[in-house]
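Scroll down for the structure; my scribbles are underneath it.
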Amino acid sequence: MRLRHYDHDGRARFITFSTHKDLPVLTNSLFREIVVDGIVSHCRLHKLRLLAYVVMPEHVHLVNVPSSGLEVGPNIGELKRQLPGASSRS
């Protein structure tokens, strides 16, 4: 995903991603904890301001503000690759 015109304007981004095959695995508290820890770690590493998140049974919503110079699409792709069970589609 390329968001060339919108990557560097300092505004918050609303991002959603799903579990593999939309399976409701995030009803499991251990899986939720792994996903939340992964999101928080990723945001710290890439200097994303995490404003909010919601973990649903088969998907996650995030609101964050990307750091200057960060391309949102590739960054979220990297986050999803790091999380077990995240779907490759947004």
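The values are calculated or read from the model by the stated rules, or taken from the named source; none is laboratory data. All figures in this text were calculated on a predicted structure; none of them were measured in a lab. Ligands, DNA and RNA are stripped out before the accessible areas are found, and what is left, the full protein with its side chains, is counted by its heavy atoms. Shrake-Rupley method; radii C 1.70, N 1.55, O 1.52, S 1.80 Å.
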Legend entry - Nearest-10 value in Å² for the accessible area of ASP22, using the 1.4 Å probe: 70 Å²
Legend entry - With DNA, RNA and ligands ignored, accessible area of SER68 (1.4 Å probe; Å², nearest 10): 120 Å²
Inset, instruction - Any chance you could look up the accessible area of VAL36 with a 1.4 Å probe, heavy atoms only, rounded to 10 Å²? - result: 30 Å²
Legend entry - Note, ³J(HN,Hα) from phi for the stretch 54-68, Karplus 6.51, -1.76, 1.60, rounded to Hz, x at Gly and Pro: 9, 9, 9, x, 10, 7, 10, 10, 10, 10, 9, 10, x, 6, 4
